[in-house]
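Here is the structure we will look at, set down as structure tokens.
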Amino acid sequence: MSTAKIPVDEMTESQAIDELARLAAEIAEHDRRYHGEDAPTITDAEYDALRRRNLAVEQRFPALVREDSSSRRVGAPISEKFEKVRHKVPMLSLDNAFSDEDVIDFVARIRRYLKLDADAPIAMTAEPKIDGLSLSLRYEGRRLVSAATRGDGQVGENVTANARVVSDIPNVLAGDPPDILEVRGEVYMTHRDFLALNERQEAEGKQTYVNPRNTAAGSLRQLDSSITAARPLKFFAYAWGEVSRMPADTQMGMVEALKVFGFATNPLMRLCRTADELLEQYHSIEAERGSLSYDIDGVVYKVDDLALQQRLGFISRSPRWAIAHKFPAEQATTILKGIDIQVGRTGALTPVARLEPVTVGGVVVTNATLHNAEEIERLGVKIGDTVTVQRAGDVIPQILNYVPERRPADATDFVFPETCPCHLETPVIREGTAAGGEGVVRRCSGEFACPFQRIEHLRLFVSRRAFDIEGLGEKQIEFFFHDPDLPVRSPADIFTLAARDRQNMKKLKDKDGWGATSAQNLFDAIEARRTIPLDRMVYGLGIRHVGERTATTLARAYGSWADFHDAALAVAEGDVHAREEMDALDDIGDAVIDAVAAYFAEEHNRALVERLAEEVNVEDAERPITDSPVAGQTIVFTGALERMSRDEAKAMAERLGAKVAGSVSRKTDLVVAGPGAGSKLKKAAEFDIEVIDEDAWFERIGKE
Ligand code: IVH
């Protein structure tokens, strides 16, 4: 019998030896497929599950940890092969719409934001969403000077040599292009070229590819550009980055200009004026999908007028002025082999379905989320059932239902465990709802003592939006977490690594996967992050409900680490005044305040934060524009605004370096009131705060 199915806690030592050997080989094979060939055969979730199982076996049998275990190895990050390029203008992603209602909401949201009438037409483009990979091409004085993949949106890979051999990408522009022009679009491969390439690969005994998208990615990321040249890649231009002189003032006009400069643009792009017209174009593109020679996975809508795009701006990583309307997900049926419990960063226990591998929408699926015990009950599934699985883009596969006719006689019920699968065997608690009833989330009560929570927490700590330490990603965190010589169990441990290494007999540079240069580079990168902006520090703490935006709001409001820390401790102690102050901040309500209070009320957390604060220097929060007349002020907008929406007013004030609060307090500097303002005006009078109307506001910020 294969050891793959034996539960870790029932394993004998000899079975563990076999299982660790099997996992080492399997994980190494998947690493090779992923990093070396851009052709993964399993989902990320399944890959993570393999590594987690490996860790679980190692935790039970620490003496059996292999030299080549994935927990010791620092896998080759994909980007190591190419030079990195920082994008001058970030490459953003798109928000998704999955239904007609989502599209109607999107258009309504834009109208509201721009303060347009509910039926005012807004010109928008609709075009296919190409299922390839995005590329940014930089032209200076007509000539292609560099090409970069999207990467994480900020930093991509330099693939200039390969872009030059793609026949759809001009090396020299035609027409009258601006001196500096960054053209963005999608590299893709047609079905025919994909099939022909796979046939050739097979004939030569080489690895075949899963789908055209992966093939295009693999082809563009060849170190030898003659290989890229032999693979027929294509390119559609649909967007831009830095442009020294805009050739048009609409989306459509820009795409037409790109065409004149020599790019292929998508012929199915249309100009629409209402949500209905967008949906009409969506259905017409969907109907043509099967006869297109390339893969598309939806339709992208964009506000046509670039001045309006500018006003609409962005929400975190995606523009408010565009959305991708995805085609419905593909489905398949397979067998539910079992249900595992995963423990997340916050200790939440999530049941995960283990499935008989099945191809859904071109990807082999072996896991699906089941969310919580109630979902399992709602679906009525038993282990052994045949289930319908759905995949939608990058979304984790889901189970839709089971097929009653195919339920085997020996199908078994799943029983939700009462203790956490972490070695502590801590009781699982069910979180209450705001209404006082029992919630659906079950959590391990072990908090930071629970190894699952601790490692997830460290992952968040080093993630790109938190401390973002170069060379210290998830893999390395896992390595140090389990390393007996240089353990990292808490954020502060990261900052003592170099000092501890100096004292150790066994040095990091001598360990598997490391060398003198990589160890030194890591220590340097850690040192470079010892000084950290306040918002990143707050986000990195991993307080529940405190995401990147909330962390920024808190950082801007409190300004310094000392002030934030004092306020958080006060809130944890139940200080009413501190709570009111936090509550006055825009977008911050009870859920966040309760989470901050709970975090700082827990002594392990307080100790962790204190140790960390001793290791790092936290920079005071940035105020975007310091010389604007309202910079640093706390402003409250109230009453009906006529020239802008509340959201637009807020974004405008924040851009000028002001804080926007939801209610008037002693800390308020200015109240901008429209007609119908009530209690806030009274409060402003009480505190003797300046009140101005909307026109005076525009005058003050110099927009009159
Ligand atoms: S516009 C600021 N248009 O979809 C928005 N993106 O989820 C820039 N994509 O990374 C993107 N077809 O790789 C845009 N017609 C299209 C697209 C498209 C495919 C991809 C692109 C982007 C992703 C966003």
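The Cα-based radius of gyration and maximum Cα-Cα distance (Dmax) for region 485-532 are 10.6, 31 Å.
Relative contact order of the chain, please, whole-number percent, based on alpha carbon pairs below 8 angstrom and at least 6 residues apart.
Values: 1259 pairs, mean separation 68.2, N = 704.
Worked out over the chain, it gives 10 percent.
Segment Asn617..Gln59, full-extension length gain: 197.4 nm, with 0.36 nm per residue of separation and the alpha-carbon distance subtracted.
Holding the Cα-Cα limit at 32 Å, pick out from Lys302/Lys650; Lys84/Lys206; Lys88/Lys667; Lys5/Lys84 the pairs that are longer than that. Going by Cα-Cα distance, Lys88/Lys667; Lys5/Lys84 fall outside the 32 Å limit. Based on DSSP H segments of at least four residues, each scored -39500 (n - 2.57), the chain has a per-residue ellipticity at 222 nm of -10500 deg cm²/dmol. Over region 41-195, the pair-distance histogram of Cα-Cα distances with 5 Å bins from zero comes to 2, 6, 10, 11, 12, 12, 11, 12, 9, 6, 4, 2, 1, 0, 0 percent, rounded to whole numbers. Value of Rg to Rh for region 177-234, rounded to two decimals, is 1.09; Kirkwood radius and Rg both from alpha-carbon coordinates.
Given Cα positions, please report Rg to Rh for region 103-196, the hydrodynamic radius being the Kirkwood one. Kindly include the intermediate steps, with their values, before the conclusion.
On the way: Rg = 18.2 Å, Rh = 16.3 Å.
Result: Rg/Rh = 1.11.
If R₀ is 30 angstrom, what is the calculated FRET efficiency for the pair Glu83 and Gln201, using the beta carbon separation as r and rounding to 0.05?
Working: r = 28 Å, r/R0 = 0.92.
The pair Glu83/Gln201 has a calculated efficiency of 0.65.
Estimated at 0.36 nm per residue, the fully extended path between Asn171 and Asp485 surpasses their Cα-Cα distance by 107.8 nm. Across region 278-388, Cα-Cα pairs farther apart than 24 Å form 53% of the total. Please enumerate, by chain and number, the aspartates and glutamates with C-alpha under 15 Å from the C-alpha of Lys234, excluding those fewer than 8 residues away in the same chain. In chain and number order, the partners are Asp131, Asp168, Glu186, Asp193, Asp295.
Rg to Rh for the chain: what is it, with Cα atoms only and Rh by Kirkwood?
On the way: Rg = 27.6 Å, Rh = 28.6 Å.
Ratio value, two decimals: 0.96.
Partner lysines whose Cα lies under 19 Å from the Cα of Lys81, excluding those fewer than 8 positions away in the same chain, are identified as Lys475. For region 137-218, GluC sites (Glu not before Pro) are listed when DSSP marks them as loop and at most 16 other Cβ atoms sit within 10 Å of their Cβ; the list is Glu204.
Computed from the coordinates by the stated procedures, all read-outs in this text should not be read as laboratory data. All figures in this text were calculated on a predicted structure; none of them were measured in a lab. Note that we place each Cβ from the backbone using ideal geometry, even for glycine, and neighbour counts take in every protein chain shown.
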